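Data block below; observations after.
The values are calculated or read from the model by the stated rules, or taken from the named source; none is laboratory data. The structure displayed is predicted, hence computed values, not measured ones. Cβ: placed from backbone, ideal geometry, glycine included. Neighbour counts: every protein chain shown.
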Amino acid sequence: MQETEIDLTSRDNKDKMRPMNTTIQEVSQMTAMSRRHLSGILNGKRKASPKKAIVLANLIGGDPALWIFGSAEERKAAWHRMG
């Protein structure tokens with residue numbers, strides 16, 4: 001069976017992307033980011049690139065600006081709202 005790729009930059013696919021209780025490891029695999037990099041973004045130690053910010057906004061929630069400029073608390077809140 002062939003896996004179907006989901007365009008993570010399209011809001012049309014948002015509901016197909018992140019099932020409830022998905023782990024950081026699973027999301028890192030879906031976004032082609034290392035777990036460490038994704039964790040750094042969630043903890044406010046790193047900023048997402050504009051392209052990755054769109055992917056994270058579609059996958060996890062929030063506005064892309066959240067993933068570039070938001071605080072760790074705002075990013076974690078977005079993560080927990082989806083999980």
For Asn43, which of the numbered conditions (1) touching a helix residue (DSSP H, G or I) at 6+ places or on another chain (Cβ under 6 Å); (2) crowded, with 20+ Cβ neighbours inside 10 Å; (3) within 13 Å of Ile24 (Cα to Cα) fails to hold?
-> (2)
Keeping to the range 19-76, report how many residues are at positive phi and of a type in the set (A, V, I, L, M, F, W, C).
-> 1
Hey, Met1 at pLDDT below 70 and over 12 Å from the mean Cα position of the chain (by Cα) or not | yes
Condition test on Ala72, is it touching a Leu at 6+ places or on another chain (Cβ under 8 Å), surrounded by fewer than 16 Cβ atoms within 10 Å (Cβ to Cβ) and modelled with pLDDT of 90 or more?
-> yes
